[in-house]
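Rule-based calculations on the coordinates, nothing more; no lab input. Predicted model only: the values in this text are computed from it and were never measured. With ideal geometry, Cβ positions are generated from the backbone for all residues, glycine too; neighbour counts draw on all protein chains shown.
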Amino acid sequence: MVNNPESNNLKQSYLKIFLRFLKFGFLAWGGPVAQIAMIREELVEQEKWVTGEHFNRTLAIYQALPGPEAHELCVFFGMVAGGRWGGFLAGLGFMLPGFLLMLLFSWIYLQFGISDPTFNAVFKGFQAAVIALIFFAVHRIGKHALSNKALLAIAILSAFASLLKAPFYLVLPVASLLYVLAAKGKRILAILLGAILIAFSIYTFSQTNRSLKKADNVPANRQISRPVKTEAAKLLGSGLKAGLLTFGGAYTAIPFVQEDAVERNGWLSNEQFLDGIALSGILPAPLIIFSTFVGFLAGGWLGAILMTIGVFLPAFSFTLIGHNYLERIIQNKGTHHFLDGMTAGVVGLIAVTALELFRTTITSWQAVLIFAGSWLLLYTVKGKGTVVLVILGSGLAGFLWHLFS
């Protein structure tokens, strides 16, 4: 392995590594943004496994690679503490709680559905708290990554481009180049490149609006289907394709899985697919765990396992196999400005994701109050159990509102 002086005294037993990241898995509420912030707070800010700068650049690398970046960071830290077996156990521990819970919820979904008003009320409470967690995490990550005005400007530009539907695989490289140019004093070139990005984003936005006008409306009634018999190789291949094409975070896997599961193979309806994403949003797990739900509806218990293996295999492999090479990139001073610019771009993208989720989820005054209360608790109550308190408390609030309304 590449010698990393920051981690010389961090070697731990495999059991300790597994249990540490299993704990992270049980506390992984709020999606990738909140999960990354949780990992950073404990392993970087409190325990100093790596420096903040090292963490930011590692995050930028994993944001550019396929796979859920929070899960890849866990594998990375497991590698730091225990080599390749440590990385494997860290990744397994982090994903295991969400995987098992999604299996349970998938079975409940097929048996009973989610149309019960009481369940929906609790579900809405969970969703409001999840949005508050994402906003809180954006602020925590941003205050560390945006260390100067240039990085702040790049984050704002990236957010604006993302709002206009510019693809992340364009926004992130441009963000990196902008900071490289700014660091070298080539401001005119940086301004010109930024203007080109904005012009392209406006064009992309106009094209997206045309496509949306042609989209069909989603039917209101959900028809719960039973698992269909699907070839094992096809499910594994679908998951693997999604895992390999998930650049820029788990959200980008959605269209790939939807194309296979809904449009091409008809394993489930579009409504059921969206239900799976909603379920993954309230579980302590990487968002990509919705693939387990898709696999379950497509092929039962075996289908869920195969789909999950396919999706997570690239995330394990890139880190376990390429760790040394990635560390050389991170420790190369010539790449620092490039990676710092990409990190700023990532902050802009996840800020837009938070805003879009808020717009589509917080649609009632009850949800606004739960969101505001959750956000206030996150800033005022310090402790490792705060996230669980906020999630469960919000679900209870949704239930009580339904009970007394």
Sequence-separation-based contact order of the chain, relative, with Cα cut under 8 Å and 6+ spacing, percent
31 percent
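Test of understanding: express the Cα radius of gyration of region 338-380 as a ratio to 2.2 N^0.38 Å, with N the residue count.
Values: Rg = 14.0 Å, N = 43, 2.2 N^0.38 = 9.2 Å.
Its radius of gyration relative to the 2.2 N^0.38 Å reference: 1.53.
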Order these by the 10 Å Cβ neighbour count, fewest first: Trp49, Trp365, Trp85.
Trp365, Trp85, Trp49
Identify which of Phe119, Phe135, Phe293 has the largest mean-square fluctuation in a Gaussian network model of the chain, with springs joining Cα atoms closer than 10 Å.
Phe119
Would you calculate, for the chain, the mean residue ellipticity at 222 nm contributed by helices, counting each DSSP H stretch of 4 or more residues as -39,500 (n - 2.57) and dividing by all residues, to the nearest 500?
-25500 deg cm²/dmol
Test of understanding: in a Gaussian network model of the chain with alpha carbons linked when under 10 Å, which of Leu235, Leu339, Leu170 would top the mean-square fluctuation ranking?
Leu170
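List Leu172, Leu10 from most exposed to least, where exposure is judged by having the fewest other Cβ atoms within 10 Å.
Neighbour counts put them in this order, fewest first: Leu10, Leu172.
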Show me, for region 166-176, the HN-Hα J-couplings you get by feeding each phi into the Karplus relation (A = 6.51, B = -1.76, C = 1.60, θ = phi - 60°), rounded to Hz, glycine and proline as x.
5, x, 4, 6, 9, 4, 5, x, 5, 4, 5
Under the rule of at least 5 residues apart or a separate chain, name every residue whose amide H is placed under 5 Å from the amide H of Lys48.
none
Please compute the Kirkwood hydrodynamic radius of region 12-109 from all pairs of different C-alpha atoms, in Å with one decimal.
13.6 Å
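Compute the convex hull volume of the Cα atoms of region 45-160, divide it by the residue count, and report the result per residue in Å³ as a whole number. Can you show the working numbers first?
Details: hull volume 18.4 nm³, N = 116.
Hull volume normalised by residue count: 159 Å³.
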How much of the pair distance distribution for region 59-108 lies past 12 Å, counting alpha-carbon pairs only, in percent?
64 percent
Candidate aspartates and glutamates for bridging to Lys143, where Cα separation is under 17 Å - those fewer than 8 sequence places away on the same chain excluded
Glu41, Glu42, Glu45, Glu53, Asp340
Under the Karplus relation 6.51 cos²θ - 1.76 cosθ + 1.60, θ = phi - 60°, what is the ordered set of whole-Hz ³J(HN,Hα) values for region 316-321, x standing for Gly and Pro?
5, 5, 4, 7, 5, 8
Under 1.5 on a/c is rounded, so check that first for region 81-216, then, if it is not, pick prolate when a/b is larger than b/c and oblate when it is not; a ≥ b ≥ c are the square roots of the alpha carbon gyration tensor eigenvalues.
oblate
Using θ = phi - 60° and the Karplus form 6.51 cos²θ - 1.76 cosθ + 1.60, what ³J(HN,Hα) does each residue of region 99-104 get, whole Hz, x for Gly and Pro?
5, 5, 5, 5, 4, 4
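Does region 300-384 classify as rounded, prolate or oblate by the C-alpha gyration tensor (a ≥ b ≥ c root eigenvalues; a/c under 1.5 gives rounded; else a/b over b/c gives prolate, otherwise oblate)? Provide the component values of the computation, followed by the final result.
Values: a/c = 2.40, a/b = 1.36, b/c = 1.77.
Note, shape of region 300-384 comes out oblate.
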Stokes-Einstein D in µm²/s, Kirkwood radius over Cα pairs - the chain at 4 °C with 1.567 mPa s viscosity
59 µm²/s
